[in-house]
Amino acid sequence: MKLHALPAFHDNYIWLLVDDNRQCLVVDPGDAAPVVQFIEANQLTLGAILITHHHPDHTGGIHQLVSRWPVKVYGPAHENISGVTDRLEDDDILSIMAPSIRFRVIDVPGHTLGHIAYYCEEQQPPLLFCGDTLFSAGCGRLFEGTPAQMDASLNALCELPDNTRICCTHEYTLANLQFALAVLPDDPALNERMTRVQALRNAGKPSLPTDFTTEKASNPFLRVDEPATQKALEAEIGHPLTEHVARFAALRAWKDRF
Ligand code: ZN
Ligand code: FE
């Protein structure tokens, strides 16, 4: 199966999976226009729509797409999203016929309370559609959930195989790396990544998908217990942070005002 990232709005990606029979599925179509254009240009058939959470930049294209292709729309059980036909929760197995693919649903509250992610281990490397939860070198804003919830969600995702292709919904990598380097200016993994991502973006290429090997080595939100991160956080806050979640919360709050 082939994976495509369609740019939408300012910095969104709408992910598409296409099989050998030109059947495709689309994840978080915030805008129908780029999806329709891609489907027509490649003579594809839309087979399913997957939604991670309720924000309009992930759901805005649903109605226009289903009016044209009356397909099932899968989404989180605990969020009310107009157009969703099948509601999924943690550990559900989603089996789609065309394209033929199976996903395991993972609850990942934090950015929103009902946010879900879709994981497929049959593809090699495995695939993860995680919406606005884990970003390349960062994580989603806490609009509804607590730092503890987001931290637990990220930890759950980190259990997946290291080579998993992580398909986030926004091209935030450069901005996230700028923040990460403000926290850890001398970090070799971050500096190396900045050079690599700048080259990709200058060439007009997406910095995604990323993977867990890369994220565990560089993403500061997965590294709050490393001594250098802890030291930087305590210098920023002005007092010791002994708890893991307190460090995570302090890092998220620092990013919010960066
Ligand atoms: Zn969102
Ligand atoms: Fe978003």
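Readers should treat all values here as calculations from the given coordinates under stated rules, not as data from a laboratory. Please read these numbers as outputs of a predicted model, since none were measured by experiment. Heads up, the Cβs are rebuilt from the backbone with ideal geometry, glycines too, and the neighbour counts pull from every protein chain shown.
Results, tabulated for the structure shown:
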item	result
Contact order relative to length of the chain, as percent, for alpha carbon pairs under 8 angstrom and 6 or more apart	13
Net charge contributed by nearby residues that have their C-beta within less than 13 Å of A152 (K/R +1, D/E -1)	-4
Magnitude of the charge dipole, segment 2-257, Cβ model with Lys/Arg +1 and Asp/Glu -1, debye to 20	600
Too-long pairs where the Cα-Cα distance tops 28 Å, listed order kept, from K72/K205; K205/K231; K2/K205; K216/K255	K72/K205; K205/K231
Order of D256, D107, D132 - criterion: other Cβ atoms within 10 Å of each residue's Cβ, fewest first	D256, D107, D132
By average C-beta atoms within 10 angstrom, highest first, the peptides 62-73, 82-93	62-73, 82-93
Equivalent ellipsoid semi-axes - Cα gyration tensor, segment 201-258, angstrom	26, 13, 9
Estimated FRET transfer efficiency (N202, N163; beta-carbon r; R0 25 Å; 0.05)	0.45
Whole-percent pair-distance distribution, where bins are 5 Å wide, for the alpha carbons of segment 45-151	3, 13, 22, 24, 20, 13, 5, 1, 0
Alpha-carbon centroid distance for the pair segment 212-258 / segment 30-57, whole angstrom	36
Whole-Hz ³J(HN,Hα) from phi, Karplus 6.51 cos²θ - 1.76 cosθ + 1.60, for segment 122-132, glycine and proline x	6, 7, 10, x, x, 10, 10, 9, 10, x, 10
Per-q log10 I(q)/I(0), the chain, q = 0.07, 0.15 Å⁻¹ (Debye; single scatterer per alpha-carbon; no solvent)	-0.24, -1.04
Helical mean residue ellipticity (222 nm; -39500 (n - 2.57) per DSSP H run of 4+; nearest 500) of the chain	-10000 deg cm²/dmol
Highest to lowest packing among 148-160, 109-121, scored as the average C-beta count within 10 Å	109-121, 148-160
Ascending count of other beta-carbon atoms within 10 Å, so fewest first, for H170, H78	H78, H170
